[in-house]
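Below is one structure; the comments refer to it alone.
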Amino acid sequence: MRIAVGSDHAGFYLKEELKSFIGNEHQVVDVGTHSTDPADYPDFAEALALEILEKRADRGILICGSGVGASIASNKIPGIRAGICHDTYSAHQSVEHDDVNVLVLGARIIGIEVAREIVASFLSAKYTAEERHKRRLGKVLDIEKRYGRST
């Protein structure tokens, strides 16, 4: 899989650590930031989303200080379903049930070992397409359309 990774300055070091971990099994596309100089998470949420929407990446991993701002920004973009996950169950369940395509992490919330386990859980998960999940995802996509945010 091609995995887009991005972060603001607060998530920079965790992003750099995770790139080599992800790169062991997947192709990594780094959308920035490339330093700890102050940077705004919405810029990287958008850049990462475009990699997915334009089919240059299959999934994304976005990191900021808490994960909250990056999650909010990502979910404003039609076609992006971002989930902030700080445990392995949520990471795989979000893909299996909700077809999440962006994992969001808070670099100030979790450490590198937990982050590696969460990323592995997210990347190994597959959408189940069970009827109940398809129905619920369809309702989410309908909401996106009703409010003028459809792909």
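Looking only at segment 119-137, residues that are of a type in the set (A, V, I, L, M), in a helix (DSSP H, G or I) and within 18 Å of ALA57 (Cβ to Cβ) come to 3 in all.
Selection within segment 37-58: residues that are among the acidic types (Asp, Glu) and without any contact (Cβ under 8 Å) to a residue 40 or more places away in the chain. The member of this set that is farthest from ALA115 (Cα to Cα) is GLU54. For segment 78-97, the set of residues classified as within 22 Å of LEU141 (Cβ to Cβ), surrounded by fewer than 20 Cβ atoms within 10 Å (Cβ to Cβ) and more than 10 Å from the chain's Cα centre (by Cα) consists of PRO78, GLY79, SER90, GLN93, GLU96, HIS97, listed by residue number.
Report yes if some residue within segment 26-42 is of a type in the set (Gly, Ala, Ser), surrounded by 15 or more Cβ atoms within 10 Å (Cβ to Cβ) and under 30 Å from ARG135 (Cα atoms); otherwise report no. Within segment 26-42, not a single residue is of a type in the set (Gly, Ala, Ser), surrounded by 15 or more Cβ atoms within 10 Å (Cβ to Cβ) and under 30 Å from ARG135 (Cα atoms). Scanning segment 59-92 for residues that are touching a residue at least 40 places away in the same chain (Cβ under 8 Å), under 12 Å from LEU103 (Cβ atoms) and in a loop (DSSP other than H, G, I, E, B) gives GLY67, ARG81. Contact map, segment 94-116: first residue without any contact (Cβ under 8 Å) to a residue 24 or more places away in the chain, second residue part of a strand (DSSP E or B) and of a type in the set (Gly, Ala, Ser), Cβ cut-off under 6 Å, separation 6 or more or different chains; pairs are VAL100/GLY83.
We did not get these values from a lab; they are worked out from the coordinates using the rules stated. Given the structure is predicted, the values throughout are model-derived calculations rather than measurements. Ideal geometry is used to build each Cβ from the backbone, glycine not excepted, and the neighbour counts take in all protein chains shown.
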